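Please read the structure below before turning to the comments.
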């Protein structure tokens, strides 16, 4: 299985690493930014390019791991070839490939990736989709080499997953950022929150987040909420505090 | 060390369990709700009451683990005694005790507690405060019996910690809840998010949340953001999506 990565960002970095680990052959890395392509290619001792027309044509699999907004223009400039084309985006329908190639699909690992952080791919749920049952089988085999948790999912459902992931990951992480800013202003260390952050994530592994919910907003404790609002110096953070508290309370009373 | 718990909620349940585990003697449980007091007292084979004037007077330590709003009225009705009185609230100043007793302090474990979930107290940061150096020493010894991480902290700084904890824990958990609601509407299982939630919390143990931030809001990817807003059926959740995305983007460009 010879693979070309189109993209060299966080996801491309981690996914190519795990494909390489499981014995697949990374043939070439493309990135618009030469330095990104070169850095990643060096790890596999493979070729790299920052020009779309220099992408090799004889790979088995082309993985498009790009920002959603960039994908259409890149696809429009790709040279035709006989490889299997897949993207890794939650919110982009599989049909984006239709005009350009005959074998295509989606390989969506539901995880947050940073270049420098290893993750255990075996625990990552992979959602796949392909334009024919044969291609689905190929893609399933590729995903199964990395993870135990592979399932097929339509583009329609995958975009729902992506939206949910934005809340569970991106937005939860931003709550950590806001907490860090509050502590920083008072010269308190973010590290004191780490056991709490861990436990908050660990709790929902065994109980629903509704059941796990604690804090002043659950009972809409106006006394505490008012004090907290007074303490917040950033007006945007103040608005968020109030709206999220109301949303927590509403969830509780709707139960 | 004979201890009375005034309160039998989540925190009282877990804290009394760990005090009991480390050899302290739980003497009595008070709760306004008889059933809550009785349930907790049964675990230690100790007495319980739902009447403040039946609280025993010969304990060494009285732990007030109550909602912030309830604490003043309970204190006003307590019989005087010679015990050491402490509360466990992040946002209540230590001086609340001043009018009622001469030996007092605060024992604040920075963690989220649910009655039925055990937590490793050794990893929990305890923040203590007392009205005299002697009392601080007593409280420090009590906290050290449970945790390696004990430090003194003023009421002023403790309320900042509590505010930060609301973001890092209560609000992060609500993001999980909103994610779960989005999936539920489409008959998708919350469980697929668990590895992602775990990794999101694990990442900030080794890198700052600002550095760990991923997702469409980081680059304010209007294409994805607009699609996501269209998909959200709950108007409150829609507003939160937009404001949190803007806050993430603002954090990024302010770097």
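Just wondering, is there one or more residues in the stretch A:150-163 that are under 30 Å from residue A:231 (Cβ atoms) and at the interface with chain B (Cβ under 7 Å from one of its Cβ atoms)? Checking the stretch A:150-163: not a single residue is under 30 Å from residue A:231 (Cβ atoms) and at the interface with chain B (Cβ under 7 Å from one of its Cβ atoms).
Test residue B:195 against the stated conditions and say whether it is surrounded by 15 or more Cβ atoms within 10 Å (Cβ to Cβ) and in a loop (DSSP other than H, G, I, E, B). Against the criterion (surrounded by 15 or more Cβ atoms within 10 Å (Cβ to Cβ) and in a loop (DSSP other than H, G, I, E, B)), residue B:195 does not qualify.
Number of residues in the stretch A:184-199 that are at the interface with another protein chain (Cβ under 7 Å from one of its Cβ atoms) and farther than 23 Å from residue A:168 by Cβ: the value is 3. Scanning the stretch A:212-230 for residues that are facing chain B (nearest Cβ under 7 Å), over 13 Å from residue A:252 (Cα atoms) and under 34 Å from the mean Cα position of the chain (by Cα) yields one hit, A:228. Residues in the stretch B:22-37 that are touching a residue at least 12 places away in the same chain (Cβ under 8 Å) and either assigned to a helix (DSSP H, G or I) or touching a strand residue (DSSP E or B) at 6+ places or on another chain (Cβ under 8 Å) (or both): 11 in all. One residue stands out in the stretch B:47-91 among those that are farther than 21 Å from residue B:107 by Cα and touching a helix residue (DSSP H, G or I) at 6+ places or on another chain (Cβ under 9 Å): the one that is surrounded by the fewest Cβ atoms within 10 Å (Cβ to Cβ), namely B:53.
Evaluated against (1) within 20 Å of residue B:252 (Cα to Cα); (2) more than 7 Å from chain A (Cβ to nearest Cβ); (3) not in a helix (DSSP H, G or I), residue B:233 falls short on exactly one condition, (1).
A single member of B:124, B:128 is facing another protein chain (nearest Cβ under 10 Å) and touching a helix residue (DSSP H, G or I) at 6+ places or on another chain (Cβ under 8 Å), and it is B:124.
In the set A:154, A:114, only one residue is more than 15 Å from residue A:64 (Cα to Cα) and free of Cβ contacts under 8 Å to residues at least 60 places away in the same chain; that residue is A:154. The residues of the stretch B:92-102 that are surrounded by fewer than 20 Cβ atoms within 10 Å (Cβ to Cβ), in contact with a helix residue (DSSP H, G or I) (Cβ under 9 Å, 6 or more places away or on another chain) and assigned to a loop (DSSP other than H, G, I, E, B), listed by number, are B:93, B:99, B:100, B:101.
Here, each number is a calculation from the coordinates, and none is a lab measurement. Note that the structure is a prediction, hence the values are computed from the model and not measured. Every residue, glycine among them, receives a Cβ derived from its backbone with ideal geometry; neighbour counts consider all protein chains shown.
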